[in-house]
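I have placed the structure first, in the form of structure tokens, so that the comments after it can refer back to it.
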Amino acid sequence: MSSKSDLLSSRNGPTSRRRFLTNAAGLGGALVTTHALPDTLADVPTREPGADLSGHSERSQYVKIARIPEAGPGMRNVDPSDAINSKAPLGQLMGTLTPSDLHYERSHSGVPDIDPARHRLLLHGMTRDQLVLTVDELKAMPSLSRTVFIECTGNGWENWKAADENLTVQNTHGLVSTNEWTGVPLKFLIDLVGKDPKSTWMLAEGGDAAAVARSIPLTDEIMEEAFVAYGQNGEPLRPAHGFPIRLVMPGFEGNLNIKWLRRLEFGDQPWMTRWETARYTQLLADGKARQFQLRMETNSVITSPSGMMKITPGYNRITGLAWSGLGKIGRVEISTDGAQSWRPAQLNEPLLPRAQSRFQMDWVWDGKPTKIVSRSTDVKGNIQPDRKTLIAAMGTNALFHYNAQQTWSIDAAGRVRNVLA
């Protein structure tokens, strides 16, 4: 196999464009060239004068990337004032981190404008001490930074009952994002107030008008991993994501990661708020409702090629994202023949627990209609189910926790569309 240097030069001098393309193809796709490869330096754009420095950097005018508002399953392209969600553009993102301004958004009564100097966090209930902390006091405490995903329980709800073929991966999976969060460990705060050993639950309440509040079981894992965050990707939280403080619960339902956090109450039983009785419950096939399905399951999706994209025969690179609320991703497999056979994908480092992982694989498409699909397995052996298995277990009355394998169909013209299997 030729080395990279062999591709760029030879004993007879600089390689020709045709030889470069030939040698690159010989690498089995390890190097990919474009049709716009210049033959001489004269074809390379000239240097241009730059703009003045500014207070913050903007995206290039040539980059068009944005979230899309949604009012519910199948309710897309709505007026932002009617939206309840705003989905992250997974098909256009690179790596694993989501830019703060593109992190998906879910709110129940809009985004409050909170003055951090006036905001307070109350810690009370079954505790030795009752404390009211300022944001500055929280920032002065021991901190940690963790890169973890947050996922809305409704992510994937577009495909519960049927498949609209005109969906992008932003439509189907845009309610998950990964950021680096910085804040105070929950365990530190628990030790600070002296939680009663008999207290096995915690109520987290937000400062928005909807007063979103969730009961959280105080398992050893949760007390070790949860934290109150004030930082997001190296800066203060964005208002849409909880400024000035929010709860971060790695691997758990997005609605447990309470934004605009104002109160943590400790008790010995769940509070049974409307958010865990009427709202975030799972209606099963037998008519019963499941409560406290808190952990987000193993999941993955191919982001390119994906819905509404178009490819051409020959070399293509398949890439996507995998994540699990139960730990690190251990393996991702890809099928390019409709789940008839599977090949292992390459996982990009770093592989972090409860964070999204980027995967990729070389593929030479023969131009025939086919289907592509990914499935992930975490290090604890939890495998992402196919749709048939998930529906057999949950039925189609459910709305949350849809983590079935995502299938994209490709027709003879190279058009990529959303299908159920």
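Which entries in the list Lys64/Lys328; Lys87/Lys161; Lys198/Lys288 go over 22 Å, if you measure between the two C-alpha atoms of each? Before the final figure, lay out each step's value.
Values: Lys64/Lys328 32 Å; Lys87/Lys161 20 Å; Lys198/Lys288 30 Å.
Result: Lys64/Lys328; Lys198/Lys288 exceed 22 Å.
As a length-normalised measure over Cα pairs under 8 Å and 6 or more apart, the relative contact order of the chain settles at 14 percent.
Counting only Cβ charges, +1 for Lys and Arg and -1 for Asp and Glu, the dipole size of the chain around its Cα centre is about 900 debye. Summary of packing: across the peptides 214-223, 267-276, 71-80, the per-residue average of other C-beta atoms within 10 Å ranks them, highest first, as 214-223, 267-276, 71-80.
In order along region 203-216, the Karplus-derived 3J(HN,Hα) couplings, from 6.51 cos²θ - 1.76 cosθ + 1.60 at θ = phi - 60°, round to 9, 10, 10, x, x, 8, 5, 6, 6, 4, 9, 10, 7, 10 Hz, and Gly and Pro are given as x.
Calculated on the alpha-carbon coordinates, the convex hull of region 279-370 measures out at 150 cubic angstrom per residue. Taken one residue at a time, the phi angles of region 300-317 give Karplus couplings (6.51, -1.76, 1.60, θ = phi - 60°) of 6, 7, 6, 9, 7, x, 9, x, 6, 8, 9, 10, 10, x, x, 5, 9, 9 Hz. Gly and Pro are set to x.
Helix-derived [θ] at 222 nm for the chain: sum -39500 (n - 2.57) over DSSP H runs of at least 4, divide by residue count, nearest 500?
Values: 7 runs with 47 residues, N = 421.
Using -39500 (n - 2.57) per qualifying helix, the result is -2500 deg cm²/dmol.
Taken one residue at a time, the phi angles of region 154-165 give Karplus couplings (6.51, -1.76, 1.60, θ = phi - 60°) of x, 4, x, 5, 4, 10, 4, 9, 8, 10, 7, 5 Hz. Gly and Pro are set to x. The shape of the chain can be summarised by an equivalent ellipsoid whose semi-axes, obtained from the alpha carbon gyration tensor, come to 42, 27, 20 Å from longest to shortest. Each of the peptides 200-207, 279-286 was scored by the mean count of other Cβ atoms within 10 Å over its residues; in descending order, highest first, they stand as 200-207, 279-286.
Could you state the accessible area per residue of region 242-303 in Å², with a 1.4 Å probe and every protein chain left in place?
On the way: 2180 Å² over 62 residues.
On a per-residue basis, 35 Å².
Within the straight-line cut-off of under 15 Å between alpha carbons, the aspartates and glutamates reachable from Lys259 are Glu105, Asp113, Asp115, Glu151, Glu205, Asp208, sequence neighbours fewer than 8 places apart in one chain being disregarded.
Using the crude model of +1 on Lys and Arg Cβ and -1 on Asp and Glu Cβ, and no other charge, please compute the dipole size for region 72-126 relative to its Cα centre, in debye to 20. Could you put the intermediate results ahead of the total?
Details: 5 positive and 6 negative charges, 41 e Å.
The dipole magnitude comes to about 200 debye.
For Leu237, the residues whose amide H sits under 5 Å from its own are Gly231, Gln232, ignoring neighbours fewer than 5 places away on the same chain, with H placed 1.01 Å from N. Per-residue packing, averaged as other Cβ atoms within 10 Å, sorts the ranges 362-368, 83-89 into the order 83-89, 362-368, beginning with the highest. Close amide-amide hydrogen proximity is noted between Gly125 and Phe266, each under 5 Å apart and 5 or more residues distant or on a separate chain (H modeled in the peptide plane; Pro and chain starts excluded).
The alpha carbons of region 137-276 stretch over 54, 35, 30 Å along the principal axes, in descending order. Projecting the Cα atoms of Gln356, Pro270, Ser335 onto the charge dipole of region 242-387, computed from C-beta unit charges around the Cα centre, puts Pro270 farthest toward the positive end.
In region 134-254, Cα pairs under 8 Å separated by at least six residues give a relative contact order of 30 percent.
The values are calculated or read from the model by the stated rules, or taken from the named source; none is laboratory data. Nothing here was measured: the structure is a model prediction, and the numbers come from that model. Counting neighbours? That spans all protein chains shown, and the Cβs are built from the backbone with ideal geometry, glycine included. For the accessible areas, the whole protein counts, side chains as well, though only heavy atoms, and no ligand, DNA or RNA atoms are used. Shrake-Rupley method; radii C 1.70, N 1.55, O 1.52, S 1.80 Å.
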